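The values are calculated or read from the model by the stated rules, or taken from the named source; none is laboratory data. Please read these numbers as outputs of a predicted model, since none were measured by experiment. Here the Cβ positions follow ideal geometry from the backbone for every residue, glycine too, while neighbour counts run over all protein chains shown.
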Amino acid sequence: MTVRRIGRRAALALALGGSVAGAFPRPAQAQAPRSRGPRIYMVTFRGWTDSDQGFKDYFDRRRLAVDIIHRDAGGANAKVAEIVREIKAEKPDLVYAWGTGVALGVIGPVAKPDPERFVTDIPVVFLNVTDPLGSGIINGLGPTGRNVAGSTFLAPIHSQLQALHSYRPIKRLGSIFNPSEANSVAVINDVREQAKALQITLIERPVPLLGTEPDRNAVPRLLDELVAEGAEFLFMPSDSFLSRRVEQVTEEALQRRLPAFASAEGTLGAGQALMGLIAKYHSVGQLAGLQADQILFQGVDPGSLPIGSLRRFSLVLRMSVAKRLDLFPPMLLLRVAEII
Amino acid sequence: MSLPVRVAAILVLILAATVGLTTVLAANKYRQGLGEILDARYRLAVSDIVATIDTSLDLGVDLAAMQSLQPQLDRTIETDPALLYVEVLDAEGIVLLSSDSSNVGLPAPQSWLSATRNAREGAWQRREGDAVVLGQPIVASFGAVVGTVALGYSRAVSEDRVQDVTQIFMNIGIGAVIVFALLLVPVVMILLRPERQALAEAETRIAAAARGETTETGPDGDPLLIAACAGAAAAFAAIDHIRREADRLDEEGA
Amino acid sequence: MADLDQIPAQASFRKLFLVSTVLLVAAAAVASFLMLRAFVANLTPEIEQKAGMVGRSVAGQVNHALDLGIPFDRLAGMDAFLDRVLADNIDIEFLTVTDPAGKTIFARSRTGKSTAENSRSVTGDEIADGRVRVPIGDASRPRGSVELGISPKVVNDKTYAVVFDMVIVLLVAGLFAFELLSLVFQVSIAAPLSRLWAAFRAAASGDFNTRVAASGQREWEIVASAWNDLVRRLAETWQQVMADAESVRATLAEAEVGQRLGRLVEETKARFRVADPLRLRAVTVSQAVAIRAPVFVFIMAEEFGRSFLPVFIRDLRDPASTLSPEFAVGITMTAFMAMVAIVTPFAGVIVSRLGVRRMFMIGIAPSAIGYLGTAFATSIWEVVVWRAFAGVGYAIVYIVCQGFVAGAASPAKRAQGMALFMGAVFAAGVCGPALGGVIADQIGPRPTFVISTGLCLLSLSLIYAQLRDLGATQAPVQRLRASDFALVTRNPSFLALLLFSAMPAKIALTGVLFYLAPLLLAKLGNSSAEIGRVLMIYAGCTALLTPVAARIADRWRLNGWMIAAGGLVSGLGLVAILLKVDTSMVVVGILLLGLGHAASISPQLAVVPEIAARECEVLGVTAVLSVFRAIERLGSVIGPLLAAFLVGVGGEALAMATIGALVVVSSLAYAAFGRPASAELMEARS
């Protein structure tokens, strides 16, 4: 390979001379057969997603030979238990557990991991679990101490508020959320705490419940109240109510010239949110790949790995909304943002 | 060598040494300054490319699929004749994109890969013969190093600049020494003339005394010299007296 | 010793020294100035190119925003964006963004105030007058332009560094020229002329036995030859006439006539002493001036390492070693000081046996070996050994020179010799750290130690060539006995002077100036050259002000006050580092240290005979002063170790302040208890 590094001019001279460099074959390991590597059971909940592709891509990019066996639960928890039995029989080298349902079914709750029902003797890497602490899969963000490694995928609240603050420095932040979803309440509590550091006041408007369901007709009134109290932005946690009603909520907010900030992909993808700070599922899958790499190829004990998190999240800006509000993103955000 | 020439020669030598040292100092500072500026410039180019890659990576574009970077690499290399190549390597050191398309698909030198590993996530720099390679690891959002941006530039171009500037410094120095020497010799001559005259006068006086002659005492003669010459004259006179006396007695006796 | 004041060429040579040194410095200054201009002219385009890159990057991002449909005047956060660019690129002074019409929309500058002057749109990169203009978007149809002002700061900073280096080189060149001219004057003029004049003086009193060695065709040699001719002719004639007279006398019959001739011959022989031409002796004169240049060069060798030695030692330390880096440095510096303290009392005794020239040459050897060893040392302990060698050499050479000048016959000549000697030491102290730092910056510390070795050898050759005819020192040397120490240290005033003034001063010198200051300055990001420049301030202060302070103290009888005040000033200067830990405060500390020491050092020695009058009567002033010096040197030994300990406790700045506080407290104690009462002083004087 000493022919390389000949510099631009020299290479040009070579090319003119009719001899073309670059005809070297790619290294042989690029085509190395897969089957000789460690076996990984990838268990997904509802089909092949970007995360799963990210996980697989991780090994492909690095030309690490792994033998991947994919099993999909088809959205059924019962199917998960079945796959667990198969795993126990097949004894692969590692299990990939996508989402809260699969993770709970494979690893079991942190309190009582029954070795009969759950996988305890094979390393498990979980991902895409919205609230691993709340769902009882782990009891802290440090090393699990078990045969389990995993990652969170929500951007930390302080990063979200920082992104929002960088768009426009604000004093008052409005929020509507479903008070019956523990997830949502936890996020709002977190926002209230973190907002203090930025000297932002959080104005909270839980959506009143009609029986167990939040009353969607109350949304316009709540938005009016927020505007009246001087809210400059609307913070939308990623609860199932808001995710379902995101078009209505963001359109109503826009009519009141209230820009919306989406806390996760659920409230960002559809609707008219101005911005959001989210994790790319492909990157989340690659993070799981990195953890699997450490466990399988570098001999790292899965229990010693802290719960992973992405270092950078994707800032997504919706330019059409910015134009409608005449509220253009600052240059420093524009440089790193994904424009939709 | 006469005294003025000796004094002038010593001073010229000191000045030459001074100017020489100054030239070396200035040239080294120039080399250092130029190096820092070039380094900052090329680092800026590298970090610009890395920033673009980071954004694309966060958007989910795979490093291997960033063909859109090619124009930026080509633009970068066109800005500066000293630049040899700009390349994007994957985690295994295979060239994904390069300003020199013949390199694409080839493995980069192993040393680059180990430099990226050793640098952890910081930038690195390597000297490869006449070239300097600047590298910056690309860190994906999930925390792993997924590749490297490497930029190579030739030191020959900047060395040429340093050579040229050193030459200018040397010319200035040589000019200064020559002008100084031309000025100095007459100055030393003039300043030392009284002393040389005094010494010449002393020589005349002594030579006269040696011939037994007495010269009339000038007002500015050195008193000690005059006394010495007078002493010598007295000694010659005394000896002469003895000789004459001896001669007279000899004749008388004969 | 040369009777310089009796040599006629003195006055015009002084003029020559002055004129030629000024001319030399002026020529070098003009050359330096022209080089600086070339330096700046050749560096600026590179910075402009980099500014162009920054400009294109800014233009690209603005273009991206415009591409997204954001109108020019609605671009948000431009100030923060431009400020970030300014923060990331220290070489850019201001940034403006103009619309296609040339109207300035955004402007930010480093000073905060924005320059709102309108500009025009450009279709390509333009560089002129320290400004760079870059079009936004497609160059053929620009959507505006970005203009950058290049900050002179980067070029200026680099230029200042060069200017400082050049000034140091100029200063050293000036001092060097002066030293070398002195040497030339001594060798070519003063020494031969004084021999010639000695011969003249002898001749004036009728002694024609001396001839002056001269072989060349230089001006004075022509005179000398003429003189030698005269002496030879006189001797030949004398011999011939005397022989004739003798033979005439022998042939004379009349005894009376023969006796008259004989009487005449005897009378003449009594008036004039003329020797056999073959046995004329050459006159010899000793030369105090000749010692100046070798001393200058030798001390320079040691001062070279001043700015970078501590850092060099610290970096040499094996990281695995249990020895802390502070103590590693402290021990090596103490090794030097301890050897000086130990060797000094013995060196004097040996000098009296072996003679000045031989001892000087013997003294250079361990120093040369020490520097060479340091240059190739691979561990701390090696450096400790080599520094000890250097310490032995330093002590020997110092004592040799001191003994040599102190051995002069008359007090006036003693003072003159001492001034010459101390002048060389101070000149080397001023040039050495700065020049050494500059050189170490260029070629690294190890080669600089090799240069130190080279300087030792140069000093050796100067001594070998110039001090050919030096005899043993005539200074009375006596060995110090333990009982001397016991006797002198029983004197409370003497002890107070030592403990409250002399020793703290030495601790500050070796602990702060030699140890802490270089390390702290290096930590603050200064290069060896810059450290050398700061350390030079101390030597400059003491060199310039010590004689002034001595005169003031003597004239107004302020010795006691000067000692206390000097200590106080030097201590407070060091404490001041607590206000702000930066280079300027270190400079202040070293300046005040120099001022303080300049004020107190001479008075310290001056009061010794007064406060220890009784002891001086018993032992002699020299012995008492030797005891004083020997104990004072303990302070030099303690200094680096104390500093090392303090650095370990609280870092360099705190260590410096602590030593400063120590000096302040002891100075106050001296002012309160140690200062000799005026009455006592008057009594001692009368």
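Overview of values
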{"read-out": "Close pairs from segment A:275-290: first within 14 Å of B:V146 (Cβ to Cβ) and at the interface with another protein chain (Cβ under 8 Å from one of its Cβ atoms), partner hydrophobic (A, V, I, L, M, F, W, C) and part of a strand (DSSP E or B), Cβ under 8 Å, at least 6 apart", "value": "A:L287/A:L127"}
{"read-out": "Search result, residues across segment B:1-41 that are at the interface with chain C (Cβ under 7 Å from one of its Cβ atoms) and within 30 Å of B:L199 (Cα to Cα)", "value": "B:S2, B:L3, B:R6, B:V7, B:I10, B:L11, B:I14, B:L15"}
{"read-out": "Tally of residues being under 23 Å from C:L193 (Cβ atoms), β-branched (V, I, T) and at pLDDT 75 or above across segment C:250-294", "value": "1"}
{"read-out": "Failed condition for C:D73, given (1) modelled with pLDDT under 85; (2) outside any helix (DSSP H, G or I)", "value": "(2)"}
{"read-out": "Selection count, segment A:246-268, where residues are over 20 Å from A:L327 (Cα atoms) and outside any helix (DSSP H, G or I)", "value": "1"}
{"read-out": "Matching residues in segment C:217-273 - criterion: being in contact (Cβ under 8 Å) with a residue 24 or more places away in the chain, among the basic types (K, R) and at the interface with another protein chain (Cβ under 8 Å from one of its Cβ atoms)", "value": "C:R218, C:R271"}
{"read-out": "Those residues of segment C:516-525 which are out of contact with any Leu (no Cβ under 9 Å at 6 or more places or on another chain) and either assigned to a helix (DSSP H, G or I) or at negative phi (or both), in sequence order", "value": "C:L519, C:L520, C:A522, C:K523, C:L524"}
{"read-out": "Members of segment B:42-83 that are more than 8 Å from chain A (Cβ to nearest Cβ) and part of a loop (DSSP other than H, G, I, E, B)", "value": "B:V61, B:M66, B:T79, B:D80, B:P81, B:A82"}
{"read-out": "2 or more residues free of Cβ contacts under 8 Å to residues at least 40 places away in the same chain and either in contact with a strand residue (DSSP E or B) (Cβ under 6 Å, 6 or more places away or on another chain) or under 29 Å from A:L287 (Cβ atoms) (or both): qualifying helices (runs of 4 or more DSSP H) within segment A:149-228", "value": "A:157-167, A:182-197"}
{"read-out": "Filter result for B:L182 (at the interface with chain C (Cβ under 9 Å from one of its Cβ atoms) and either out of contact with any strand residue (DSSP E or B) (no Cβ under 9 Å at 6 or more places or on another chain) or free of Cβ contacts under 8 Å to residues at least 40 places away in the same chain (or both))", "value": "no"}
{"read-out": "Selected residue [closer than 20 Å to C:F298 by Cα, buried (at least 23 other Cβ atoms within 10 Å of the Cβ) and within 9 Å of chain B (Cβ to nearest Cβ)] from C:A199, C:A177", "value": "C:A177"}
{"read-out": "Residue match in segment A:115-131 (condition: surrounded by fewer than 17 Cβ atoms within 10 Å (Cβ to Cβ) and either touching a residue at least 40 places away in the same chain (Cβ under 8 Å) or under 21 Å from the mean Cα position of the chain (by Cα) (or both))", "value": "yes"}
{"read-out": "Residue count for segment B:84-107, restricted to those that are facing chain A (nearest Cβ under 8 Å) and in contact (Cβ under 8 Å) with a residue 24 or more places away in the chain", "value": "5"}
{"read-out": "Hits in segment A:169-185 (condition: under 20 Å from the mean Cα position of the chain (by Cα) and more than 11 Å from A:S238 (Cα to Cα))", "value": "A:A182"}
{"read-out": "Residues within segment A:169-196 that are within 24 Å of A:L325 (Cα to Cα) and touching a Gly at 6+ places or on another chain (Cβ under 9 Å), tallied", "value": "3"}
{"read-out": "Condition check for C:A26: surrounded by fewer than 23 Cβ atoms within 10 Å (Cβ to Cβ), more than 7 Å from every other protein chain (Cβ to nearest Cβ) and part of a helix (DSSP H, G or I)", "value": "yes"}
{"read-out": "Selection from segment A:327-340 of residues that are out of contact with any strand residue (DSSP E or B) (no Cβ under 7 Å at 6 or more places or on another chain) and more than 7 Å from every other protein chain (Cβ to nearest Cβ)", "value": "A:L327"}
{"read-out": "Top-ranked residue of segment A:276-318 - restricted to ones that are of a type in the set (A, V, I, L, M, F, W, C) and part of a loop (DSSP other than H, G, I, E, B), ranked as nearest to the chain's Cα centre (by Cα)", "value": "A:A279"}
